[in-house]
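Written out below as structure tokens is the structure these notes cover.
The values are calculated or read from the model by the stated rules, or taken from the named source; none is laboratory data. Remember, it's a predicted structure, so these values are computed and weren't measured experimentally. Virtual Cβ from ideal backbone geometry, glycine too; neighbours counted across all protein chains shown.
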Amino acid sequence: MAEKTTYYVIKEKAVPEVLLKVVEAKRLLESGRASSVQDAVERVDISRSSFYKYKDDIFPFHDNAKGRTITLVIQLDDEPGLLSSILRIIADGNANILTIHQSIPVNGIASLTLSIEILPQTTDANRIMEAIEAKDGVHYLKILARE
């Protein structure tokens, strides 16, 4: 029987340092800034065995997001123009907005659910989400689903 694979999306701060170093070593190799696996692992200070153990199991979120739908849940203040500025960030990143649902604000806070399509011409999905999180009035952003 084939082993079932389960995927998780987690924020960088929750990822063990060795896994982040594996991602950096892969980036060095892909960019040509490291001439070999040995060179890459020495630069990021991990063992070759750690690199080979995890190299196929961790990758930056944006590496395979193209052509996917991402559903976000955002908690935000009920302020005029805030939803519009969030939608502008997505449009400026060349992503396609598929669905929008905003709850009725309670105590000045609303929940926004957005489904966006990451297109081939979309800029880095991480940058889009970071820009939304950085907006004044946005309390948090969570990835609810990724298809």
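Could you check the stretch 108-147 and list, in sequence order, the residues that are in contact with a strand residue (DSSP E or B) (Cβ under 8 Å, 6 or more places away or on another chain), modelled with pLDDT under 90 and among the charged types (D, E, K, R)?
Passing the criteria: K142, R146, E147.
Looking only at the stretch 85-132, which residues are of a type in the set (A, V, I, L, M) and part of a loop (DSSP other than H, G, I, E, B)?
A95, I104, L119
Within the stretch 100-133, work out how many residues are buried (at least 19 other Cβ atoms within 10 Å of the Cβ) and polar (S, T, N, Q).
Adding up the residues that qualify gives 1.
If you check I86, I74, which single one turns out to be over 30 Å from P16 (Cα atoms), at pLDDT 95 or above and aliphatic (A, V, I, L, M)?
When all the criteria are applied, what remains is I86.
So, in the stretch 29-56, exactly how many residues are at pLDDT 90 or above, surrounded by 10 or more Cβ atoms within 10 Å (Cβ to Cβ) and part of a helix (DSSP H, G or I)?
14
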